[in-house]
Amino acid sequence: MQYKAVIFDMDGTILDTLDDLADSVNHALSFCGFPKRTREEIRSFLGNGMVQLIHLSVPENTPAEKEAEVLEEHKKYYPLHSADKTHPYEGIPELIRKIKSKGIKTAVVSNKRDENVHALVDRYFPNLFDVSIGSRDGVPRKPAKDLVEIALRELGVDKSDAIYIGDSDVDVATAKNSGLDMITVLWGFRDREVLEQCGVSIFAQTAQDLSKMLI
């Protein structure tokens, strides 16, 4: 069907943010006297926002006050280094331009902090998204439907006319909770086997695959 809006996840879907996130987490861990994590460990921890990312990254049974110190250091460090190694996935800017040229609205919805989402969109996707939504105080994060519903209201589009694009088990649950159709990409932060266990059957291997499915 022809959708009126496409809603994208950010990390692992339109932007490869893994190296900058891993560097920031490991900086914060080291700063607070904890051992660093591997890139693959951090990859597996991503998807539920920075609080959960830090909770999974600190050693088991870390006191709450020490975990809070790591989180605060990450929150200070990451915005200053969020574009050191981050880059759009191949073909994604071109795909979004093509979608917009067809009169389809675009949005990004992420569990990143709202200010970080806007900074990255402005840097890597200027004028390509009609709506950008990040994590906000008092609003449940994905996989809750709340952030997606905010995006739909701002887009002025009904959920039956929108599709969600993501890369993780969190995104699969978000689409289900929001009542949106979904396409799952395979270049992100979860392996195909994990996604298939979530019941996913529609995959895009490349941005070109995604283009054929959407347009």
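Rule-based calculations on the coordinates, nothing more; no lab input. Keep in mind that this is a model prediction, so the values were computed, not measured. Don't worry about glycine lacking a Cβ; one is built from the backbone with ideal geometry, like all the others, and counts go over all protein chains shown.
Assorted remarks:
- Along the stretch 38-43 the Karplus relation, 6.51 cos²θ - 1.76 cosθ + 1.60 evaluated at θ = phi - 60°, assigns HN-Hα couplings of 6, 4, 5, 4, 5, 3 Hz to successive residues, with x for each Gly and Pro.
- Most mobile of A119, A151, A175 in a GNM of the chain (Cα contacts under 10 Å): A119
- Overall form of the stretch 18-81 per C-alpha gyration tensor (a/c, 1.5; a/b vs b/c): rounded
- 15 Å beta-carbon shell around K100, net charge (K/R +1, D/E -1): +3
- Under a model in which nothing but the beta-carbon of Lys, Arg (+1) and Asp, Glu (-1) is charged, the stretch 1-130 shows a dipole of about 640 debye around its Cα centre.
- Taking the number of Cβ atoms within 10 Å of each Cβ as an exposure proxy, the fewest-first ranking of T106, T184, T206 is T206, T106, T184.
- Kirkwood hydrodynamic radius computed over the stretch 91-215 comes to 14.9 Å, based on all pairs of distinct alpha carbons.
- Computed packing ranks the peptides 108-114, 207-213, 46-52, 22-28 as 108-114, 22-28, 46-52, 207-213, most packed first, by mean other Cβ atoms within 10 Å.
- The lysines within cross-link reach of K36, meaning a Cα-to-Cα straight distance under 20 Å and a gap of 8 or more places when in the same chain, are K66, K75, K76, K85.
- The local environment of T38, defined by Cβ-Cβ distances under 14 Å, has a net charge of 0 under the rule Lys, Arg +1 and Asp, Glu -1.
- Reported label for calculated Rg and Dmax of the Cα atoms in Å given (i) 18.5, 58; (ii) 16.9, 53; (iii) 19.0, 55: (ii)
- Sum of side-chain charges, L21 neighbourhood, beta-carbon under 11 Å (Lys, Arg +1; Asp, Glu -1): -1
- Pairs from the list K4/K98; K105/K212; K4/K112; K100/K142; K98/K212 with a Cα-Cα gap above 19 Å: K4/K112; K100/K142.
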